[in-house]
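K.L.:
Starting off with a structure, shown below.
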Amino acid sequence: QNNNKVFIPSEENIQNRLQNNNKVFSFHFIRWKISSPSCIQLIIRTYQILGFLPSDNSATSNNNPGKGSWTQHLHHCLNWVHIFLYIFFAGSHLLNTMFRSIHYLPVMFECILEDAVLTGIMTAAVILRMRIDRVKSTIQLMEKTFSTADIVLVAQSHWKAFRILATVAVFFMVITLGILLERVTRMTEDELMIRRDLYQTKYPGRRLLVDIWIPGLDETEYYWIYVTLFLVQVYATIVCLMTAYTGIVTLIPIITVHVEGQGKVLCKHIERLGHPHKDLSTGNTIFYTDIVKNQYNMLASSKNSKLGETIEMSTIITKTFPEVKNFNDNQNTFTSEVNNSREDQLRKLRAYERDYFRQLVKFHQQLLLFEKQVTETISPLVLIMVLGNYMGVSLALYQLVVYSDQSKFRLFKFVSELSLALFELYIYCFAAEILDDFHSRTRTSLYFSRWYACTRSTRRDIGMLLRRLRKPKHPNFYWGFIVINNPLFVGLLRLCYQVVNLMRLKGARE
């Protein structure tokens, strides 16, 4: 009787275990709490601080304009200062491109590239501001539906997201450093003559971080005006431009990285299809009620007793335990009842198998729905990314190939810009391949599962799922006009090379 004893955990132990499984992965970095999806929240919060997006307290302050604190009013003024600085420098730089740099081809191409970056960021910020409700609903959907049961996979997704964010930020800082080094180095006599004829300023050697033109004002005539404009440009570049650019570029790859982590969680559960589910810490049989939250029912199995395990499986599924409690009182009677109810137990196990597969399909459908929602939200950003990086690669490559006799700091800046544009294209295409690999990985997981041990109805449902997984899943936008994948990366590189050769031939004829 002691060997056939069934151990039943208390309700308190079960609740504590479920609460531990449902904890959201989070950690602390200095004073900030990092939680899922922290990188996307960091981008949105940064845009709110800079004023590109409305803050969470904007609705309250609009309803009660006189009840806001002085810090909120100060932050509101700072937001307008950032917006004014960005629009002012972007507009004055565009005027410089249209009326000054157009007379000298190398400078004109450089200014066009800078205008493309400034205009693209401004357009993307306006689009995000118009679709802020969709972005917030996407973040809420990630927080509510994404699984946090596997801490290792969640931590890997966080680490990949932070690496992408840090890499783009470092690239931008390197480009800014190259521009600073170019501006502080002494110019040759030929370069001074070109700038004197082109810009018609009193001191052509005084160069700003980004060339601008303010009608009726010579920015180099007075030293204090030059220093003020230079410092303000450095502040706007580091605080506004770098953070905004990094957020725009890395938003889509970061979301894809988190989707990849969820796909690994799904594949891990798919491989368990047809296998007995065991708890890794205790080795007991478990029955999942929610694979996303990692909720399951579990009873400790009997030692050296196959009968005890049979009783356990029956009692867990029905979620009733009075029969087990009376096991020691009338063992022979209960054994005969178990033998007579094997068909009923088998039916319940098949019902659990169907329920488990239904949970897998539901999780898969949630991920597909999330991908569709993200695709509809970010489609304008993808168009800006493709066109902007195409212009960046073409113009930077043209500067390096045609005007290779420039200063070393200027060449360093163009090499950094070309590397950043190529890296952006690569991470976008790599993110698209991750989504396609998610389907192929799901098919592989079904192959390695014990699908042949499942019931006939479950195998039929697996066949229906495989039919959906056979199609490629590269994200497409604008009715399939733009399909993000590795062939797009290669095609854009070929197109940029052809455009650069065409520009070289045209310049040689002239």
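The values are calculated or read from the model by the stated rules, or taken from the named source; none is laboratory data. Not measured: the values here are computed from a predicted model. Note: ideal-geometry Cβ built from the backbone for every residue, glycine included; neighbour counts use all protein chains shown.
K.L.:
For segment 434-444, check the following and say yes or no: at least one residue is assigned to a loop (DSSP other than H, G, I, E, B) and not acidic (Asp, Glu).
P.N.:
The answer is no; no qualifying residue exists.
K.L.:
Hey, among the residues in segment 126-153 that are in a helix (DSSP H, G or I) and over 17 Å from the mean Cα position of the chain (by Cα), which one's surrounded by the most Cβ atoms within 10 Å (Cβ to Cβ)?
P.N.:
Only one residue tops the list, namely 127.
K.L.:
Collect the residues in segment 97-111 that are surrounded by 15 or more Cβ atoms within 10 Å (Cβ to Cβ) and touching a residue at least 24 places away in the same chain (Cβ under 8 Å), keeping them in residue-number order.
P.N.:
Scanning segment 97-111 gives 100, 101, 104, 105, 106, 107, 109, 110, 111.
K.L.:
So, one more: Could you check how many residues of segment 396-421 are touching a residue at least 60 places away in the same chain (Cβ under 8 Å) and assigned to a helix (DSSP H, G or I)?
P.N.:
Going through segment 396-421 one residue at a time, the tally reaches 14.
K.L.:
Any chance you could count how many residues in segment 457-478 are in a loop (DSSP other than H, G, I, E, B) and within 23 Å of the chain's Cα centre (by Cα)?
P.N.:
Result for segment 457-478: 5.
K.L.:
Another one. From (1) out of contact with any Asp or Glu (no Cβ under 8 Å at 6 or more places or on another chain); (2) surrounded by fewer than 16 Cβ atoms within 10 Å (Cβ to Cβ); (3) modelled with pLDDT under 85, pick out the condition that doesn't hold for residue 407.
P.N.:
The single condition residue 407 does not satisfy is (1).
K.L.:
For residue 168, which of the numbered conditions (1) surrounded by fewer than 16 Cβ atoms within 10 Å (Cβ to Cβ); (2) β-branched (Val, Ile, Thr); (3) touching a residue at least 12 places away in the same chain (Cβ under 8 Å) fails to hold?
P.N.:
So the condition that residue 168 fails would be (1).
K.L.:
Identify, by number, the condition in (1) of a type outside the set (Asp, Glu); (2) more than 30 Å from residue 387 (Cα to Cα); (3) loosely packed, with under 14 Cβ neighbours inside 10 Å that residue 471 doesn't meet.
P.N.:
(2)
Residue-wise test of (1) buried (at least 16 other Cβ atoms within 10 Å of the Cβ); (2) among the polar types (S, T, N, Q); (3) in a loop (DSSP other than H, G, I, E, B).
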residue: 176; (1), (2), (3): yes, yes, no
residue: 179; (1), (2), (3): yes, no, no
residue: 182; (1), (2), (3): yes, no, no
residue: 190; (1), (2), (3): no, no, no
residue: 203; (1), (2), (3): yes, no, yes
residue: 210; (1), (2), (3): yes, no, yes
residue: 225; (1), (2), (3): no, no, no
residue: 287; (1), (2), (3): yes, no, no
